[in-house]
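Bear in mind that the values in this text are calculations on the coordinates, not laboratory data. Quick caveat: nothing in here was measured; it's all calculated off a predicted structure. Cβ atoms come from the backbone with ideal geometry, glycine included; neighbour counts cover every protein chain shown.
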Amino acid sequence: MRTVKLTGQIVALAAVAGLLGLLVWRLTHQSTPPKIGGPAPAFSSKRVDTGGTLDLASLRGKPVVLNFWASWCGPCKGEAKTLEQAWRQYKSQGVMFIGVDYHDVTGDARRFLAHHDITYPTVQDGSGMIADRYGVSAVPETYFIDRQGRLVGEHIKGTVAHQKDAFLRGVKAALGS
Amino acid sequence: MILRGVAVLAAALVLAGPAAACVNPRTSLNALEGEIMCPTCHTTLDQSDSAAAHRIEVFIQHRIDACATESQIKADLVANFGAGILAAPPRKGFDLLAWWLPLGGVILGAVAVAFGVWRWSRARGPDEPPPASGLDAETERRLDELLARLD
């Protein structure tokens, strides 16, 4: 009888330890939004505009404008033209624009890119994993990354078309000027 | 005017093409809506009115019109959005644990309760006298007197 009791206690203790372990794992793996001045969360993802993948680390040494968008997002349509114009303006200065297609059907995203004549690279974020790392809660959102891979400027929630000053400050911060 | 009519007819034929290709659809949007999550609102598609959910419904309808099966459509969605798009985990591989663990927990709990009841009934015994009140004889006598007076 004592053996049965002891076995029961061990099983109960193991179950509690297991649940506690799960809780600790969950707490330690929760994504916290990155801080301005801190490193930009890394990612590598499939490209939507062409084949292959794009790794953010491969852009180290270049200022980056990171724009989260989706084809089903109304304000994203409104800012598409502004972003494309800015890309054409700043690419000669080495600035890279990267689109991150958030929770979207890839076919819809490709039609969006073609319709708005977007020529900068766009990566897929169907699961929302990249957006989670950046603490994105809704699209569009835009981040600025400097040559050292740090987040700079203020990240823009909502369309950049209505926040052009903040957008220009962000691009300049990324350029380090 | 004639050219415009021809253009509309051509567009209608192009749009009707995929639907006409599948005479007997293998599944329906109604059947799938409760099994697919809206990634932005974390509810199933049938409970969501978001733009993202609507686009996914359109995608599913196009695949149904192309005669895709339920499993093919789910595979396409998982490839695009990740496994989190499914309301329930697949019943294979590691995900099978999500189905069996709760059942195992219920069975284990039932066994533990049954064992506890069995032990409790054995420890008590059938002819055990009722537990003593803990009062001494004098106090019990006085309590009886008081109760008798109340009657």
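Taking the Cα atoms only, what angle lies between the long axis of helix A:74-90 and the longest principal axis of chain A, rounded to 10 degrees? Orientation of helix A:74-90: about 60 degrees from the principal axis.
Averaged over the residues of A:65-77, the number of partner chain Cβ atoms lying within 10 Å of the residue Cβ comes to 2.
Would the range A:44-175 count as rounded, prolate or oblate if I go by the C-alpha gyration tensor, calling it rounded below 1.5 in a/c and otherwise prolate when a/b exceeds b/c, oblate otherwise? Mind showing how you got there, number by number?
On the way: a/c = 1.37, a/b = 1.21, b/c = 1.13.
Rounded.
Among A:H155, B:H54, the order by Cβ neighbours within 10 angstrom, fewest to most, reads B:H54, A:H155. What angle, in degrees between 0 and 90 and rounded to the nearest 10, separates the Cα long axis of helix A:164-175 from the longest principal axis of the Cα atoms of chain A? Once rounded, the angle reads 80 degrees.
Normalised by the number of residues in the range A:44-175, what is the relative contact order in percent for Cα pairs under 8 Å and 6+ residues apart? Walk me through the numbers on the way to the answer.
On the way: 252 pairs, mean separation 41.8, N = 132.
With pairs under 8 Å counted, the relative contact order is 32 percent.
A simple rule links phi to the HN-Hα coupling: the Karplus curve 6.51 cos²θ - 1.76 cosθ + 1.60 with θ = phi - 60°, which for the range A:22-29 gives 4, 4, 5, 4, 4, 5, 7, 9 Hz, with x for Gly and Pro. Listed peptides A:160-169, B:108-117 appear in the order A:160-169, B:108-117 once ranked by packing, highest mean of other Cβ atoms within 10 Å at the front.
Kindly put A:V48, A:V95 in sequence by how many other C-beta atoms sit within 10 Å of each C-beta, fewest to most.
A:V95, A:V48
As a proxy for reagent exposure, B:L29, B:L96 were ordered by neighbouring Cβ count within 10 angstrom, fewest first; the result is B:L96, B:L29.
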